[in-house]
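Taking it in order: structure first as structure tokens, then the write-up.
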Amino acid sequence: SQQGEEDPQALSIQEGENATMNCSYKTSINNLQWYRQNSGRGLVHLILIRSNEREKHSGRLRVTLDTSKKSSSLLITASRAADTASYFCATVTHQAGTALIFGKGTTLSVSS
Amino acid sequence: EAQVTQNPRYLITVTGKKLTVTCSQNMNHEYMSWYRQDPGLGLRQIYYSMNVEVTDKGDVPEGYKVSRKEKRNFPLILESPSPNQTSLYFCASSLLEGFGSYNSPLHFGNGTRLTVT
């Protein structure tokens, strides 16, 4: 059961530019999380935003959440080549309880 | 070092030959889960466990078994693997706060790439 859908599917930018990825979901959530995956490796947690929060920052990452639109965005500022990875949003829904449901991801390529 | 350890990293097997992928975490996490990742389909949950002796089906449980006899271990068992189970598998764990709520991030293992011929 797909809950989150990331947009765009793929994004190519130059080093130093900002990268914005969006996530839309279908049902009300407890929280929304963003993860990064380097090619073929395990996912790494980036940031968690609760349903009663609107914005959260962590280093060069900024996440916003709009529960009225059922959407979230992840902004990476001043991108680096090392940011090249796939980025996934994941949601915990009131219905799912203890299941974290992932979207299909955005593949970000940062070239130097 | 806090980590989730999966073994093996790579596995090639033949149809019907039972196999087990092990997963162990050293963070005393209650919650553990198995996902499979396939191109174009993203990550899909196979099974999860909220504590010892408590397991539940995820989205794609058919053809898989799990057990949770100890808190740290959550093996994934394929009794009779088939080629459509060729995939990249991830084990993950997390704290479980409150009564069924889930506000803690998942910690992932490095994955097991399984090929069934």
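The values are calculated or read from the model by the stated rules, or taken from the named source; none is laboratory data. These numbers were taken from a predicted model, which means no experiment stands behind them. Don't worry about glycine lacking a Cβ; one is built from the backbone with ideal geometry, like all the others, and counts go over all protein chains shown. Protein only, heavy atoms only, side chains kept; ligands, DNA and RNA dropped before computing areas. Shrake-Rupley method; radii C 1.70, N 1.55, O 1.52, S 1.80 Å.
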Legend entry - Residue count, segment A:33-55 (criterion: farther than 30 Å from B:Q6 by Cβ and assigned to a strand (DSSP E or B)): 1
Inset, instruction - Please tell me if B:L114 is outside any loop (DSSP other than H, G, I, E, B), away from chain A (no Cβ under 12 Å) and surrounded by 14 or more Cβ atoms within 10 Å (Cβ to Cβ). - result: yes
Legend entry - Number of the exception - A:V63 against (1) surrounded by 15 or more Cβ atoms within 10 Å (Cβ to Cβ); (2) of a type in the set (V, I, T); (3) more than 14 Å from chain B (Cβ to nearest Cβ): (3)
Legend entry - Subset of segment B:6-32 (residues that are over 20 Å from B:N84 (Cα atoms), open to solvent by less than 60 Å² (accessible area, probe 1.4 Å) and either of a type in the set (A, V, I, L, M) or in a strand (DSSP E or B) (or both)): B:Q6, B:C23, B:S24, B:Q25, B:M27, B:Y31, B:M32
Legend entry - Test: A:S72 is more than 10 Å from chain B (Cβ to nearest Cβ), surrounded by 15 or more Cβ atoms within 10 Å (Cβ to Cβ) and touching a Cys at 6+ places or on another chain (Cβ under 6 Å): yes
Inset, instruction - Taking A:V44 as meeting all but one of (1) at the interface with chain B (Cβ under 10 Å from one of its Cβ atoms); (2) open to solvent by less than 60 Å² (accessible area, probe 1.4 Å), write down the number of the exception. - result: (2)
Legend entry - Odd one out for A:S51 among (1) more than 24 Å from B:Y31 (Cα to Cα); (2) open to solvent by 20 Å² or more (accessible area, probe 1.4 Å); (3) within 14 Å of chain B (Cβ to nearest Cβ); (4) in contact with a Ser or Thr (Cβ under 7 Å, 6 or more places away or on another chain): (1)
Inset, instruction - Report, ordered by the first and then the second residue, all pairs with beta carbons closer than 7 Å, sequence separation of six or more or different chains, a first member in segment B:33-60 that is at the interface with chain A (Cβ under 10 Å from one of its Cβ atoms), and a second member that is modelled with pLDDT under 90 and open to solvent by 60 Å² or more (accessible area, probe 1.4 Å). - result: B:G42/A:K104; B:R44/B:D59; B:Q45/B:D59; B:D59/A:S1
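What number of residues within segment B:70-86 are more than 12 Å from the chain's Cα centre (by Cα), without any contact (Cβ under 8 Å) to a residue 60 or more places away in the chain and under 20 Å from B:T15 (Cα atoms)?
Matching residues across segment B:70-86 total 3.
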Legend entry - Residues within segment B:80-109 that are at pLDDT 95 or above, open to solvent by 10 Å² or more (accessible area, probe 1.4 Å) and assigned to a loop (DSSP other than H, G, I, E, B), tallied: 3
Legend entry - Pick from segment B:49-79, criterion open to solvent by less than 40 Å² (accessible area, probe 1.4 Å) and part of a strand (DSSP E or B), ranking: farthest from B:C91 (Cα to Cα): B:L78
Legend entry - Residues within segment A:2-27 that are part of a loop (DSSP other than H, G, I, E, B), within 12 Å of another protein chain (Cβ to nearest Cβ) and open to solvent by 20 Å² or more (accessible area, probe 1.4 Å), tallied: 2
